[in-house]
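Scroll down for the structure; my scribbles are underneath it.
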Amino acid sequence: MSLSQRYFAALMRLSDGAQERLYGERKAHLFEGLAPGRRVVEIGPGTGVNLPHLPADIRLAAVEPNPHMHPPLRRKAEACGVDATVHAGRAEALPLETASADAAISTLVLCSVDDVARALAEVRRVLRPGGRFYFIEHVAARAGTARRRAQRLVKPAWRRLADGCRPDQATGALIRQAGFAEVEIERFHAGGVLNPVRPHVAGVAAK
Ligand SMILES: C[S@@+](CC[C@H](N)C(=O)[O-])C[C@H]1O[C@@H](n2cnc3c(N)ncnc32)[C@H](O)[C@@H]1O
């Protein structure tokens, strides 16, 4: 267990309220599509910020590599009444059977995943045919803009501070290229203008 993982888990716990203010309304709307009783896999759930937005009677497989996130994640799942199994795996090799999930979730995770194409292939593998992948991710600013240059400039320091997060990653394009049958993506801004991790994309991809 590295010190940076411990530090990042503490930071995530402290940022719960801010996250809710930035993304809460959008999550409530996005996750409306999750029907009760479903088998849902969440990659990189962190301390469980999404749990209050999920129907209580889903069965959640939470795949989170940072062990310092696990205790707050389990506590929050219990408080929200969500039947959650926490796995210490990574999105690139999901510890789940093929076609075993009705839905998958990812919020602000793919920026930190080492092999995004592989992680998305894994999400597709574990979804049943017709299953849906719900996501909110921050993405690279448009090429040639001052924001994109700033993202590149701060990236080395940002990656060290924020557990490997890459502010300039074209995650929306990677989701479109991942082989889903249908992809709906909306681009939006959240956070202050000086925040390097904006703009964002939110949407649903169907297998
Ligand atoms: C910025 S946090 C986001 C946490 C939470 N999803 C949220 O919306 O606040 C990124 C999370 O992704 C996790 N993560 C990093 N690499 C990962 C990987 N390869 N597979 C799954 N999760 C990963 C981190 O441990 C962390 O919990």
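For the range 1-48, the tally of residues that are assigned to a loop (DSSP other than H, G, I, E, B) and either touching a Phe, Trp or Tyr at 6+ places or on another chain (Cβ under 8 Å) or among the polar types (S, T, N, Q) (or both) stands at 4. Residue pairs whose Cβ atoms lie under 7 Å apart, separated by 6 or more positions or on different chains, with the first residue in the range 105-130 and closer than 12 Å to E42 by Cα and the second of a type in the set (S, T, N, Q) and assigned to a loop (DSSP other than H, G, I, E, B), are I105/N50; T107/N50; V126/T98; V126/S100.
The residue pairs whose first member lies in the range 150-171 and is closer than 17 Å to G44 by Cα, whose second member is within 12 Å of the ligand (Cβ to nearest atom) and hydroxyl-bearing (S, T, Y), and whose beta carbons are closer than 8 Å, counting only pairs six or more residues apart or on different chains, are A162/S112; D163/S4; D163/S112; G164/S112; C165/S112; R166/S112.
Applying the criterion of being in a helix (DSSP H, G or I) and surrounded by fewer than 20 Cβ atoms within 10 Å (Cβ to Cβ) to the residues of the range 80-96, the residue that is farthest from the ligand (Cβ to nearest atom) is C80. With respect to (1) in a helix (DSSP H, G or I); (2) of a type in the set (A, V, I, L, M, F, W, C); (3) away from the ligand (no atom under 15 Å from the Cβ), the lone exception for A99 is condition (1).
Scoring R160 on the criteria (1) within 16 Å of the ligand (Cβ to nearest atom); (2) within 17 Å of the chain's Cα centre (by Cα); (3) assigned to a helix (DSSP H, G or I); (4) not aromatic (F, W, Y) leaves a single failure, condition (2).
Only the coordinates and a few stated rules stand behind these numbers; no lab work does. Computed from a predicted model, the values in this text were never measured in an experiment. We place every Cβ from the backbone using ideal geometry, glycine too, and count neighbours over all the protein chains shown.
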